[in-house]
1. Just want to confirm a number: the relative contact order over the chain, from Cα pairs under 8 angstrom separated by 6+ residues, in percent.
2. Which residue fluctuates the most in the chain, going by a Gaussian network model with Cα springs under 10 Å, if the choices are 136, 262, 146?
3. Tell me, 163, 244, 102 in order of fewest to most beta-carbon neighbours within 10 Å?
4. With axes computed from alpha carbons, what is the tilt in degrees of helix 114-129 against the longest principal axis of the chain, rounded to the nearest 10 within 0 to 90?
5. Among 71, 169, 132, 66, what is the fewest-to-most ranking by other Cβ atoms within 10 Å?
6. Calculated from DSSP H runs of 4 or more alone, at -39500 (n - 2.57) each and per residue, what is the 222 nm mean residue ellipticity of the chain, nearest 500?
7. In segment 3-177, what percentage of the DSSP-assigned beta bridges are antiparallel, given to the nearest 5?
8. What length, rounded to one decimal in nm, is gained on full extension from residue 63 through to residue 230, with 0.36 nm per residue of separation minus their alpha-carbon distance?
């Protein structure tokens, strides 16, 4: 699959003619949205929602600290005519889904996230076949903030989106389109409350509520040129190395979440199971 075909610079080359926003009735908005939802779920998505691009772009930018050091981009930087952003989530059910591979070229691949690219491709094809422009947003756009506005979940104290059923285990993809789909209500419920299990479970103390230190988070330091000396033994324990180029990302804060199922807690690399001291910190 060539992802280049689905980048936003190609969005104007839809096969059918573009329809203006006034040409679609409310019922057709609903019908098209359900077609897209079904297509995403057919490929493995367990969460789906639509947000207004205006609402997402109205949020202030945030700093991305890994694997780059830059500010998030607005969605319309990718597609000026975009009206909606479709957000979907696939579920990480096993530590195998959390493997990262560091290629010699410097690119980092996540094999478990492949369904995201496939679902994006299918949604873009569906929209373009019906005459709408559609493309994938920049990787520097905030999918998590779009997910909250699309009604999927809310930011947790782990700085991840928490879903009431799937907890922090959703991995997100997004598609931009000029189709005026019905938007979902933002997710407003505070799912964390007074719970701070994730904060206490972090092996390196990288978490404060809603804030993660990129210099200490074991997911972030794997992309850094220098790993602090005190973190190296923790990296070996909680982010198991599989080959010279691949390892399992640390998920300790997610395993500690009260929305994590017993089944997901069983599906972990044995060396990465929480220690008794970590379990005591979660209480």
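No value in this document is a laboratory result; all are computed from the given coordinates. These figures come from a predicted structure and were not determined experimentally. We place every Cβ from the backbone using ideal geometry, glycine too, and count neighbours over all the protein chains shown.
1. Dividing the mean separation by the residue count of the chain yields 22 percent.
2. Answer for the Gaussian network model of the chain: 262.
3. Details: 163 22, 244 7, 102 16.
So the residues, fewest neighbours to most, are 244, 102, 163.
4. Orientation of helix 114-129: about 10 degrees from the principal axis.
5. Numbers: 71 12, 169 26, 132 23, 66 15.
The order, fewest Cβ neighbours first, is 71, 66, 132, 169.
6. One gets -7000 deg cm²/dmol as the mean residue ellipticity at 222 nm.
7. Counting DSSP beta bridges with both partners in segment 3-177, the antiparallel share is about 95 percent.
8. Result: 57.6 nm gained on full extension.
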